[in-house]
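Everything on this sheet refers to the single structure shown next.
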Amino acid sequence: MRDVAQASGVSAATVSFVLNDKAGQTIPEATRERVRRAAADLGYIPHSIARALREGNSRIVVLEAGGLPRGNSLDGFITGLDDELAAAGFGLLVSYSDGPSSRAAVAAVSPRAVIDLQGVYRSPDREVADGGWIDGMAAHTTTQISHLIERGHSRVAMAVPASLDPFFALMAGHIRNAAVAAGLPSPPFLVADSPLVTDRLHALREDGFTAIAAVWDDLALAVLAAMTDLGWYAPADLAVIGFDDTAHGALWRPALTSVRIDARSYGRRMARTVLDLPVGDASPAPAEIVRRAST
């Protein structure tokens with residue numbers, strides 16, 4: 001700001017008044033234009049955290065993301081949220097913990113808003129602002145079922161973790177509902193991170209199941225690894241589809257078919273919601289099947 005003031009021949013206070021569009025200031029338009037031009041030439045961007053400390057009110061938004069699986073979807077959501085907040089002069093603080101130290105840190109910055117992603121899956125009936133990200137992401141698991149039906153599969157099992165926390169339970173519920181709505185039998189669970197996964201795969205195949213829909217890419221890869229141990233190949237022995245379109249899924253052989261969602265737009269929409277701005281064009285695109293060799 002001092003550099004902008006020097007370049008435009010005014011005080012730092014005048015620069016602040018102009019760039020923050022402070023009401024009640026009688027600054028000539030020519031001076032305002034000179035300040036704006038100097039700021040643009042110098043590439044000046046206000047530092048949101050420094051501004052919060054100076055002004056005494058917070059320009060920080062906190063995202064509580066503890067317990068959510070990390071991957072492309074969460075990363076995309078955070079990127080969209082951060083980009084949109086930054087454009088409005090706000091900073092983002094992401095917390096992956098729900099412990100006392102995390103709560104103390106959040107209290108210390110007196111955030112403008114706290115986005116409680118954890119709250120959605122802890123208490124599904126509670127109204128929690130999350131931009132629709134969790135419900136939207138989980139609902140997109142229906143794309144998996146549609147893809148498998150398109151590939152000719154009518155008996156589908158569901159790969160889940162041994163610890164079916166509320167988040168993955170939400171995902172699994174959407175897969176099950178999508179299968180039943182499409183006229184398929186309710187998919188049974190396959191605990192993909194269990195030492196008994198190979199035995200379960202044998203049983204499913206003997207019962208006529210031909211495909212596995214995993215609630216997350218890592219679980220789909222656990223299924224493919226177990227199939228390799230058995231000497232089986234996807235999709236000839238079992239088709240496998242994941243969710244989240246991770247880089248390591250693409251590197252596996254056979255490469256993993258997965259689902260990609262427009263999580264960045266969910267983040268942008270959430271930022272506009274917490275800042276009381278119109279959602280506008282921040283509407284997520286439909287989920288996309290990333291077609292690879294495993295289906």
Worksheet item: Residue check: is Ala104 assigned by TED's automatic domain parsing to the domain that holds Ala282 and modelled with pLDDT under 80?
Response: yes
Item to complete: Name, by its number, the condition in (1) assigned to a loop (DSSP other than H, G, I, E, B); (2) without any contact (Cβ under 8 Å) to a residue 60 or more places away in the chain; (3) among the aliphatic types (A, V, I, L, M) that does not hold for Ala178.
Response: (1)
Item to complete: Quick one: Ser154 ticks every box in (1) under 14 Å from Ile261 (Cβ atoms); (2) at pLDDT 80 or above; (3) among the polar types (S, T, N, Q) except a single one, so which number is it?
Response: (1)
Fill in: For Ala203: the one exception among (1) farther than 29 Å from Asp75 by Cβ; (2) in contact with a Lys or Arg (Cβ under 9 Å, 6 or more places away or on another chain)
(2)
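Matching residues to (1) without any contact (Cβ under 8 Å) to a residue 24 or more places away in the chain; (2) buried (at least 24 other Cβ atoms within 10 Å of the Cβ); (3) not basic (Lys, Arg):
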| position | (1), (2), (3) |
| --- | --- |
| Ala211 | no, yes, yes |
| Asp237 | no, no, yes |
| His248 | no, no, yes |
| Pro254 | no, no, yes |
| Arg264 | no, no, no |
| Arg268 | no, yes, no |
| Asp276 | yes, no, yes |
| Val279 | yes, no, yes |
Fill in: Members of region 76-101 found to be at pLDDT 85 or above, in a helix (DSSP H, G or I) and either of a type in the set (Asp, Glu) or over 18 Å from the mean Cα position of the chain (by Cα) (or both), listed by number
Asp82, Asp83, Glu84, Ala87
Discussion item. Regarding region 191-198, can at least one residue be identified that is under 28 Å from Gly132 (Cβ atoms) and either at pLDDT 95 or above or exposed (fewer than 15 other Cβ atoms within 10 Å of the Cβ) (or both)?
Written reply: yes
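The values are calculated or read from the model by the stated rules, or taken from the named source; none is laboratory data. The shown structure was predicted, so the numbers you read here are calculated from the model rather than taken from an experiment. All Cβ positions, glycine included, derive from the backbone under ideal geometry; neighbour counts span all protein chains shown.
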